[in-house]
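Everything below concerns the one structure shown next.
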Amino acid sequence: MKREGQPPPGPRMPAGDAVPPMGNAVAWLGEASDGELTERSFALRHGGRAVPGVLWSGAGQAGRPAVLLGHGGSGDKRSERQLRVARWLAGQAGLAVVAIDGPYHGDRVPAPLSPAEYQQLIVDEGIDRVTARMTEDWLAVVGALAALGLVDGGNVSVCGMSMGARFGLPVAAALGPRLRCAVFGKFGLRESELLHPGLCAPELTLTAARAIDAPVLFHVQWDDEIFPRDGQFELFSAFAAADKRLIARSGPHAETHPDDVAAWQRQLAGPAGR
């Protein structure tokens, strides 16, 4: 998939999910603050690997409701749109925003991989196994940050487009009653020939969607060349949420209108922001 934007330089992890030396479960790798917003890079030691992530929060705020922000294919936790959305949610909505790198993305690999390369690695490992690993990583990060009093682990939202939705849906389902709301899109039950066929796992996606009963906002790019429109509509229908909304915008997969990003942010900010 098309890369959404080159991230600013940031601390890099050792290659291959190697575990850096650390005395605690969370190793803080860097911090930047403008007096109102703090951005902290970290690595969580979990399951024999290091999970690279970033936490954004307002100055002096702790234990705030959390938003888990999943990036798209060929992006990473600090891609351009990730940064804009995270900073708005942390600064304007007062939320604690967390992002981690997806499988074979960002600081989980020594250098960026092409779509064909990372898709093949995911297929070789097995999409079910990779999905389970990503879900475990997300839940472990929430648990660790909650234990430190940095996020409210019982009040969590999930946001992800494309690959962020692929791996975000099972996380949202696994959160159960802790899930406050979700924003997904640019993803469906069927995929075009532009993706490796081994990535398609409709039953895995359906199982997750049917377990999500918190409010959902679902975004469809009407001319999406990667995820056919009918498969996206079927996914939307599968959500168990009584409060679910669909928004659609003309254009291909990689296009995103600023008004739609604003709608995602209002959903995640809560009823007062809608």
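Nothing in this text is a laboratory measurement; each read-out follows from the coordinates by a stated rule. Just so it is clear, the model here is predicted, and its values are computed rather than measured. Cβ atoms come from the backbone with ideal geometry, glycine included; neighbour counts cover every protein chain shown.
Grab the Cα-Cα distance for Asn155 and Arg84, subtract it from 0.36 nm times how many residues apart they are, and report the gain in nm with one decimal.
Full-extension gain reported as 23.4 nm.
If I stretch the segment between Glu225 and Asp128 completely, what's the gain in nm (0.36 nm per residue apart, minus their alpha carbon distance), one decimal?
32.5 nm
Below 8 Å, C-alpha to C-alpha, sequence gap of six or more: please give me the relative contact order for the stretch 147-250 in percent.
27
Do the sum for the chain: with -39,500 (n - 2.57) for every DSSP H run of n ≥ 4, divided by all residues, what is the mean residue ellipticity at 222 nm, to the nearest 500 deg cm²/dmol?
Using -39500 (n - 2.57) per qualifying helix, the result is -10000 deg cm²/dmol.
Compute the length gained on full extension between Gln61 and Glu31: take 0.36 nm times their separation in residues and subtract their Cα-Cα distance, giving the result in nm to one decimal.
Between Gln61 and Glu31, full extension yields 9.3 nm more.
So who's got an amide H within less than 5 Å of the one on Leu246, skipping anything under 5 residues away but keeping other chains? H placed 1.01 Å off N, in plane.
Phe218
Dividing the convex hull volume of the Cα atoms of the chain by its residue count, what figure in Å³ per residue is obtained?
For the chain, the hull spanned by Cα atoms encloses 112 Å³ per residue.
Comparing Trp264, Trp28, Trp138, which has the greatest mean-square fluctuation in the GNM of the chain with Cα pairs linked when under 10 Å apart?
Trp28
Mind checking which of Glu31, Glu225, Glu193 has the largest fluctuation in a GNM of the chain, springs on alpha carbons under 10 Å?
Sorting by GNM fluctuation, first place goes to Glu193.
Roughly how many nanometres apart are two label points built 7 Å out from the Cα toward the Cβ at Glu136 and Thr207?
In this crude label model, Glu136 to Thr207 measures out at 1.5 nm.
In sequence order, what are the phi-derived ³J(HN,Hα) couplings for the stretch 135-141 according to the Karplus relation 6.51 cos²θ - 1.76 cosθ + 1.60 with θ = phi - 60°, rounded to whole Hz, with x for glycine and proline?
These are the phi-based 3J(HN,Hα) values: 4, 4, 5, 4, 5, 5, 5 Hz.
What residues qualify as long-range amide H neighbours of His46, i.e. H under 5 Å apart, gap of 5 or more or another chain, H built at 1.01 Å from N?
Distant-sequence amide H within range of His46: Val51.
Provide the per-residue ³J(HN,Hα) series for the stretch 47-61, in order, calculated from phi with Karplus coefficients 6.51, -1.76, 1.60 and θ = phi - 60°, each as a whole number of Hz, with x at glycine and proline positions.
Each residue of the stretch 47-61 in turn: x, x, 9, 9, 9, x, x, 9, 10, 10, 8, x, 4, x, 9 Hz.
Rounded to the nearest 0.05, what FRET efficiency do Ala248 and His196 give with R0 = 35 Å and r taken as the Cβ-Cβ distance? Could you check?
Efficiency at R0 = 35 Å is approximately 0.85.
From the backbone phi of the stretch 149-155, what are the Karplus-calculated ³J(HN,Hα) couplings (6.51 cos²θ - 1.76 cosθ + 1.60, θ = phi - 60°) in whole Hz, Gly and Pro given as x?
Each residue of the stretch 149-155 in turn: x, 8, 9, 8, x, x, 9 Hz.
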